[in-house]
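Beneath this line is the structure, given in structure tokens, with notes to follow.
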Amino acid sequence: MSVTQMPLEQPAAAQAPLAAKPRRKLKERLWLAALQILITVLSVTFLVPTLWMISSSLKVSTEVFAHPIVWIPRNPHWANYITAFTGHLPLGSFIWNTVKIVVFAVLGTLLSSSLVAYSFARIDWPGKNFWFGLLLGSMMLPDIVTLVPRFILFRTIGWYDTFYPLIVPYWGAVMALYVFLIRQFFMGIPGELEDAAYIDGASRLRTLTQILMPLSKPVMATVAVFALLQHYNDFLNPLIYLKTMDKFPLAVGIKMFNDFEVQRWEIVFAVSTIMLAPILVLFIFAQRFFVQGITMTGFGGR
Amino acid sequence: MTALQSAGRLLTGGGRRRDWLTGYLFASPFILGFLIFIAYPMLHSAWLIMFEWDPLREPEFAGFSNILKMLEDPKVNKSLFNSFFYTVIAVPVQLCISFTLALALSQPLWFRDYYRAAFYLPIIVPLVASAVVWQRVFHPEFGILNETLGWFGVDPIRWLFEPQLAKPAFIFMSLWAIGRQMVIFIAGLGNIPESLKEAASLDGANAFGRLRTVVLPLMTPLIFYNMVIATVNSFQSFIPAMIMTEGGPSDATLFVVLNIYRNAFQYGRMGYASTLAWELFLIIVGFTIMQFVISRRWVYYEEGGN
């Protein structure tokens, strides 16, 4: 604990007059070293819950409930993962459902958002500003307000217990933030290339898909990553719209494991690890787009 | 050249009928999506305030009884208190820690990329999975939190089982996920011109002085942005309570959205749930407007900035 207090007091040392420059440098280095130690400890602390989850997914149940805690299992018990798949909860279906929902929802988001963004960025039509205002306004609207009527709507048209409520709205560009991001990016691309293609007889759809979209890969990738995370993690919507357990995605499936296998921590941890794994891989390969997206939305929305 | 110019006019729109049509056609996913999935449900939701509706029966006109009931409902008041308590404490603490971390990671340290990844990792853990894990982190007997506290001689604490401790536990858990705010702060700190800091140094400002007179004022727009987003998100927190405590113990973690969810989908009170949703919406809007008004006093915007 004493380590944490040291760097907080040190900045005062920088107050030393300019004449004492070499000494200040030494103090600065000491301060940085203390900071280095503190941040190292803190970053490890931040990693512990995740590491504990992964290591516990490989324990036998006596190790999970051992005192003192077993941090690293003696022999990795990979069988937990097999048990997770072969138990009475349909983990395989959970995963396959997630894949289907995420693929179609993300695809819809990308296609519809690009079309709408193109319309707002490149075409003049009466009422455009009005609709753009509505688009920006809908960004502020919390989902929860429309939750009940949307549920009634989908139940009335017979979409209860189907994937449609989880996919179809996103083909309607309802995620205003994504439209906004893509539109901003399109606005930054000079129009000359499209003009040339237009003279050569290309339609607007072709200028969009063959010129603008390839030039907009960074924003497309960012939106894709964000939409993917959104639908992969979505819990409330599938919880409401799906009734049959065989149709549940992973997010709701984990709750099933947590409710029905409550004593088998190693299995619950294994399923959680399975859910984290693809995102972790994606993060390693597409880290740029994660960070880009955050800063983009950070500045975009201000 | 003239051909190009006229084509340019074609593309940027010269008010031709065909272009109007194309414009609407391209925007139609949003126009339809907005009308069907946003505007209509919003109006319907406002309409539902006047009805008592169990989905198994016909809706019954209820006048203002939903609103009157809401104002007296102890569960509603409890859930509002819980969400306020959680938001008002969690958000400032999150901002302080994420800002301090961003400052630290902007210093010339070794392994900065590793640190950033480590602090960012909790964000990518799916919220459902992290709720399941943290439920066990807090476990009185086998959780790692009590185990760690035990090293310092602290007796086991029943975090999620004590009404006074459940909300603080949730706040503690929320501090784990400050990576998003941190990344935004780091990006902002990187954009502060070195020349400004040097100028302050020449004026005799030490590290703390530079932080107070140069860095903090320039960062206020981002602090404000993070604050608004975090407030809106905290008010709508649902997954941790649903998974870790189901609102307990003694409704200590019954947050607003969980209460709305229960009324709508467990008790079958669609009209009442819509009323509560509108209440939450108005509170969030009110809170956001308030933050914007107060922001004029402390958020610094550069002249002529966007």
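FYI, it's all coordinate maths here, none of it is from the lab. Owing to the predicted nature of the structure, the values given are computational and were not obtained by experimental measurement. Cβ: placed from backbone, ideal geometry, glycine included. Neighbour counts: every protein chain shown.
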Helix-derived mean residue ellipticity, 222 nm - over chain A, DSSP H n ≥ 4, -39500 (n - 2.57), to 500: -22500 deg cm²/dmol
How compact and how long is region B:15-65, expressed as Rg and Dmax of its alpha-carbon atoms in Å? 18.1, 53
Gaussian network model of chain B, Cα within-10 Å springs - most flexible of B:Y120, B:Y272, B:Y40: B:Y40
According to a simple spin-label model (label point 7 Å from Cα along Cα-to-Cβ), what is the distance in nm between B:I289 and A:W78? 6.1
Cβ-based exposure ranking for A:H88, B:H139, A:H231, A:H67, in which fewest neighbours within 10 Å come first: A:H88, A:H67, B:H139, A:H231
Any of A:K247/B:K75; A:K25/B:K197; A:K100/A:K255; A:K100/A:K247 with alpha carbons more than 22 Å apart? Name them for me. A:K247/B:K75
In whole Å, what are the Cα extents of chain B along the three principal axes, biggest one first? 76, 67, 35
Between Rg and the Kirkwood Rh of the protein assembly as shown, both from Cα atoms, what is the Rg to Rh ratio? 0.99
Using the number of other C-beta atoms within 10 angstrom as an exposure proxy, rank B:E162, B:E279 with the fewest first. B:E162, B:E279
Percent of Cα pairs exceeding the 21 Å cut-off, where the set is region B:126-264: 57
Can you name the helices of chain B, as whole DSSP H runs, whose Cα span along the helix axis is 30 Å or more and whose Kyte-Doolittle mean is not below 1.0? B:74-105, B:270-298
So for R0 = 41 Å, FRET eff. of B:W47-A:F85 from the Cβ-Cβ r, to 0.05, ends up at 0.30
Along Cα→Cβ, 7 Å out, is where each label goes; now give me the distance between the ones at A:F65 and B:Y114 in nm to one decimal. 3.7
I need the calculated FRET efficiency for the pair A:Y160 and A:D124, taking r as the beta carbon distance and R₀ as 56 Å, to the nearest 0.05. 0.85
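R0 = 56 Å: FRET efficiency of B:L282 with A:T45, Cβ-based, nearest 0.05?
With a Förster radius of 56 Å, E is 0.90.
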Using the Kyte-Doolittle scale, find the helices of chain A whose mean hydropathy is at least -0.5 and whose Cα atoms extend 30 Å or more along the helix's long axis, counting only whole DSSP H runs. A:21-56, A:91-122, A:265-301
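Just counting partner chain Cβ atoms within 10 Å, what average do the residues of peptide A:181-187 show around their Cβ? Write down the numbers at each step before the final one.
Numbers: counts 0, 0, 0, 0, 0, 0, 0.
If you average over the peptide's residues, the count of other-chain Cβ atoms is 0.
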Of B:T275, B:T288, B:T87, which is the most mobile in a GNM of chain B whose springs link Cα atoms less than 10 angstrom apart? B:T288
Least to most buried among B:W298, A:W125, by other C-beta atoms within 10 Å and fewest first, runs B:W298, A:W125
